[in-house]
Amino acid sequence: MLEEYGKAMRNFRENRGFSLRMLAEGIVDPSTLAKYERGTTGLSFESLIPLLARLHITIGEFLYRARSFEQDPKAAFFSQVTRAYLDEDIDMLHILNEQATSKLATSPSRLPYDRLDLITIRAATAMLQDTQLDANDATFASGYFLENQDWYYYDLQSLRFICIFFSLEDLLAISRMLFTSVNTYSRVGNSMQYVNEIALEIIDGLISFGDLDNARKTIADFDKQPTIINSIAASLNLKELSAALKYLDGQETSATTEFQKVIDTLRWLSFNQKAKQLTDQWNRLTKKS
């Protein structure tokens, strides 16, 4: 793997127009960087991070290039589960379930992740089939999330499938933990997308339990988060731009209807300034020359 890391570093360096000496200056010896690029020596994390920072490259971009633009195994797993769920592909979920069951049975590790993978698949299947998740699975998962309060990419991905099956008490605890850390998630990759989905599942669950007061409180907490609000507004902006393209393609009636739905939604959410901005954008983009 050293060779792949070195090749990725060389590609980024050359694409950015850096010489070995320019990139290495003040961080590592140029000869050490040259050996790293040839794959004959490693670099400490303390040296790698400032080198990438000088190139204005994130660690995620670096690893993605080093893996020949392939997802890491865990990201690929969640992509498979999400795709099967969105496509309502029960057969694929059954295949993933068999693979995860086999992996769990042969895993020498006492870590919880193989079982959480299996529970995630079972939860996605249960949602599609409108059935309940096994109580032991739900208890195991909620215990994991409540005990490990620092959630990362893996945890958020699993939680968005599983949380709807938690007890009312656990849902409320998860909700408090989620909104406590929302500002941290907003600064990390695509985490806010998953936070949004989890928050909506929590509200769904609270309403299903008949806990309308806490559902209203969670919605109010939702409304107070600018990062969440911006995400919703961005999604509606994309809908408006798609409608504008449809309008310019000659589908004026249906496009105008879609645009009006966007504006009505923004006004219903009290995003009045955003509604004005998108109306101005629409008028500018659809103006006939």
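Any read-out appearing in this document is the output of simple, stated calculations on the displayed coordinates, not a laboratory observation. Quick caveat, the model's predicted, so the values are computed rather than measured. In this analysis, Cβ positions are derived from the backbone assuming ideal geometry, glycine residues included, and neighbour counts consider all displayed protein chains.
For a modelled paramagnetic label at Gln193, 7 Å from Cα along Cα-to-Cβ, the residues of region 141-185 in reach, with backbone nitrogen under 13 Å, are 157. Each label was represented as a point 7 Å from its Cα along the Cα-to-Cβ direction; for Leu2 and Leu200 these points are 4.8 nm apart.
Electrostatic tally near Lys261: other residues with Cβ closer than 14 Å to its Cβ, Lys and Arg +1, Asp and Glu -1, net 0. Model label sites at Leu248 and Gln277, defined 7 Å from Cα along the beta-carbon direction, differ in position by 2.0 nm.
Rg and Dmax of region 2-66, both derived from C-alpha coordinates alone, stand at 10.2, 26 Å. Charging the Cβ of each Asp and Glu at -1 and of each Lys and Arg at +1, and nothing else, the dipole of region 227-285 about its Cα centre rounds to 180 debye. Using only alpha-carbon positions in the chain, the gyration tensor eigenvalues give semi-axes of 38, 32, 19 Å once each is multiplied by 5 and square-rooted (largest first).
Length available on full extension from Asp213 to Thr256: 0.36 nm per residue minus the Cα-Cα distance, which gives 11.7 nm.
Of the residues His94, His56, the one with the fewest other Cβ atoms within 10 Å heads the list, and the complete ranking is His56, His94. Gly42 sits among other residues whose Cβ lies under 13 Å from its own Cβ, and their net charge, with Lys and Arg +1 and Asp and Glu -1, is -2.
Each 10 Å bin, from zero up to the one with the longest distance, holds this percent of the alpha carbon pairs of region 221-289: 21, 51, 21, 6, 0. Stretched out straight at 0.36 nm per residue, the stretch from Leu238 to Leu168 would grow longer than its current Cα-Cα span by 21.7 nm. Straight-line cross-link reach from Lys103 at under 13 Å between alpha-carbon atoms covers these aspartates and glutamates, not counting any fewer than eight positions away in the same chain: Asp114, Asp117. Please give every one of the aspartates and glutamates within straight-line cross-link reach of Lys246, meaning a C-alpha to C-alpha distance under 15 Å, and leave out same-chain neighbours fewer than 8 residues apart. Result set, ordered by chain and number: Glu258.
Extending 7 Å from Cα along the Cβ direction at Ala220 and again at Ala135 yields two label points whose distance is 3.4 nm.
The lysines within cross-link reach of Lys217, meaning a Cα-to-Cα straight distance under 25 Å and a gap of 8 or more places when in the same chain, are Lys274. In this Cβ point-charge picture (+1 for Lys and Arg, -1 for Asp and Glu), the chain has a dipole of about 1400 debye about its Cα centre.
Kirkwood Rh over Cα pairs of region 73-224 into Stokes-Einstein at 37 °C, 0.692 mPa s: D in µm²/s? Translational D for this selection: 207 µm²/s.
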